[in-house]
1. For segment 347-360: of the residues being modelled with pLDDT under 95 and not small (Gly, Ala, Ser), which is surrounded by the most Cβ atoms within 10 Å (Cβ to Cβ)?
2. Within segment 431-452, does at least one residue satisfy the condition of being at pLDDT below 90, loosely packed, with under 15 Cβ neighbours inside 10 Å and in the same structural domain as SER271 (by TED's automatic domain parsing)?
3. Residues being of a type outside the set (Phe, Trp, Tyr) and surrounded by fewer than 19 Cβ atoms within 10 Å (Cβ to Cβ): count how many of those fall in segment 295-333.
4. Does ASP127 qualify as being crowded, with 17+ Cβ neighbours inside 10 Å, among the charged types (D, E, K, R) and touching a residue at least 40 places away in the same chain (Cβ under 8 Å)?
5. How many residues are touching a residue at least 24 places away in the same chain (Cβ under 8 Å) and either aliphatic (A, V, I, L, M) or farther than 24 Å from ALA133 by Cα (or both) when one looks only at segment 329-341?
6. Are any residues in segment 276-328 in contact (Cβ under 8 Å) with a residue 60 or more places away in the chain and in a loop (DSSP other than H, G, I, E, B), and if so, which ones?
7. Identify, from the list THR196, THR191, THR202, the residue that is under 17 Å from the mean Cα position of the chain (by Cα) and more than 22 Å from LEU396 (Cα to Cα).
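The values are calculated or read from the model by the stated rules, or taken from the named source; none is laboratory data. As the structure is a prediction and not an experimental result, all values here were calculated from the model. Positions of Cβ are backbone-derived with ideal geometry, glycine not excepted, and every protein chain shown enters the neighbour counts.
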Amino acid sequence: MLSEGIKGRDSLKLSFNRSISEPGGHNTPILSMISPPSVAPSLHPPKRCKIDRVKPKYLPTSENCQAPPPPQTLEPGTVSLPTSPCSDSSTLQRTILLKHARTITCDSLAKRIEKGGKHGKNSILLDCRPFIAYNVNHIRGAINVNCCDRFNRKRLQQGKASLADLATTKEGKETLKKRNWKEVVVYDDCTQDLATLPISHTLFLVMNSLVEDHRQPIMLVGGLRCFQTTKQSLCEDYLMRSPSSLSIPGLPAPPSPTSPHIKDIENHPASEVTPYLYLGNLKDASDLEALERLGVDHVLNVTSVEPSYATSPRIIYKQLVAHDNGYQNLKQYFDEAFEFIDSARLGGGAVLIHCQAGVSRSPTIAVAYLIKHSPMSMVEAYKFVKSRRQIISPNLNFMGQLLELEQSLNKVLDNSRIEDRPCWTVSTGETGKTGSNNSSPSSGGECRKSGCGV
């Protein structure tokens with residue numbers, strides 16, 4: 001009985017294998033299904049089943065002949081997919097862009113601006129930074145194109161918006177719609193290399209759009225930061241347009257406007273902001289003779305690397321580890337820096353605040369100190385420091401933190417003024433009414449503050 005059952009099972013197995021195998025002899029490769037197909041009727045198309053390819057058996061023709069190598073087969077459960085076209089498309093876009101785009105240096109652009117009035121004949125200048133940064137400072141005659149946010153970048157990439165649509169001013173929109181220009185100089189904050197730009201970068205998208213429009217994109221090497229350090233007169237700084245005075249009582253007057261402007265940022269000397277506060281770069285911090293001549297006995301280093309210059313035993317050094325980018329929280333160091341500056345001031349000495357170039361990080365500390373310890377607003381403190389060191393240019397992130405500092409100090413001042421106001425009311429003789437005539441503690445009023453004995 002048992003043997004008959006086994007025999008019947010074998011016959012069923014052979015029948016099943018025969019039903020799914022293709023006609024042919026035993027030498028024909030057999031594809032064994034992991035799961036048999038459903039024989040029930042279905043309204044949906046059949047699903048693909050995973051298959052295992054069985055290596056075919058090759059029989060040698062003679063004893064001296066070797067069997068041919070079996071064809072390459074896939075491992076069970078693996079699928080070979082074609083190469084994604086995304087990488088090829090990105091490479092093609094980059095190749096086309098590098099073929100049609102070129103770069104321009106700060107000196108060459110300055111000559112074109114001075115020669116052609118604004119930015120030269122048959123050419124325009126596009127500022128690809130955020131609109132807020134453009135309002136603070138930009139190259140003379142530049143048009144701001146607002147495509148830094150993800151939504152506008154996507155619209156530009158998909159061709160749903162033109163550069164004229166993304167211009168932030170009416171004059172800029174009209175200029176871009178005229179289309180009487182061929183060359184377009186584009187810039188951002190500090191991009192140096194065109195070949196390494198990511199395809200999602202704002203500059204890449206803008207220049208790619210210009211190439212598709214059969215225009216000639218030209219990238220400014222170093223961006224606005226490099227340009228304004230050497231060509232400040234060709235930039236428009238809206239903070240410096242403020243009508244407030246640069247002379248602050250108790251602080252030194254700004255230098256004469258006829259003094260020569262030093263264009264080489266690396267060789268710019270240390271700048272005196274106040275009699276006890278100087279701004280400089282790494283080179284100034286390493287010049288011990290100049291520090292002694294200026295009476296500097298404290299050095300505040302605001303960089304992200306360990307100082308490589310020689311130190312003096314007569315000078316107190318302190319470092320605040322900070323990067324010059326859009327993510328650095330410099331405000332967290334303000335109180336610590338203020339205390340260090342005050343220690344130099346109260347001791348009769350002076351402090352040199354320096355970063356890599358004395359352009360962004362160290363001026364931010366100096367401006368913050370003036371906001372905290374002098375009757376200046378953020379704009380007034382910025383103007384005060386810039387009038388004494390023309391090359392300063394704190395990045396937009398640091399400018400925002402300075403504004404936050406000013407707002408927090410104003411809030412504290414407003415709260416203190418509320419606390420200093422008279423805390424009593426005067427009865428008018430009618431229930432529920434108060435008056436302010438002849439308001440004084442002796443006029444029969446009551447204090448409305450808890451814990452006050454007046």
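1. The qualifying residue surrounded by the most Cβ atoms within 10 Å (Cβ to Cβ) is CYS355.
2. no
3. Counting residues in segment 295-333 that are of a type outside the set (Phe, Trp, Tyr) and surrounded by fewer than 19 Cβ atoms within 10 Å (Cβ to Cβ) gives 22.
4. yes
5. Going through segment 329-341, the residues touching a residue at least 24 places away in the same chain (Cβ under 8 Å) turn out to be 329-331, 333-334, 337-338, 340-341.
From the residues that got through so far, the ones that are either aliphatic (A, V, I, L, M) or farther than 24 Å from ALA133 by Cα (or both) too are 330, 337-338, 340-341.
Qualifying residue count for the region: 5.
6. Taking segment 276-328 as the starting set, the residues that turn out to be in contact (Cβ under 8 Å) with a residue 60 or more places away in the chain are 276-282, 284-285, 291, 300, 302, 324-328.
Answer for segment 276-328, where residues must be in contact (Cβ under 8 Å) with a residue 60 or more places away in the chain and in a loop (DSSP other than H, G, I, E, B): TYR276, ASN281, VAL302, ASP324, ASN325, GLY326, TYR327, GLN328.
7. Working: THR191 fails: more than 22 Å from LEU396 (Cα to Cα); THR202 fails: more than 22 Å from LEU396 (Cα to Cα).
Residue meeting the stated conditions: THR196.
Yes/no matrix, rows are residues, columns are (1) of a type in the set (A, V, I, L, M, F, W, C); (2) modelled with pLDDT under 90; (3) surrounded by 13 or more Cβ atoms within 10 Å (Cβ to Cβ):
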{"position": "TYR134", "(1), (2), (3)": "no, yes, yes"}
{"position": "ARG140", "(1), (2), (3)": "no, yes, yes"}
{"position": "PHE151", "(1), (2), (3)": "yes, yes, no"}
{"position": "GLN158", "(1), (2), (3)": "no, yes, no"}
{"position": "VAL184", "(1), (2), (3)": "yes, no, yes"}
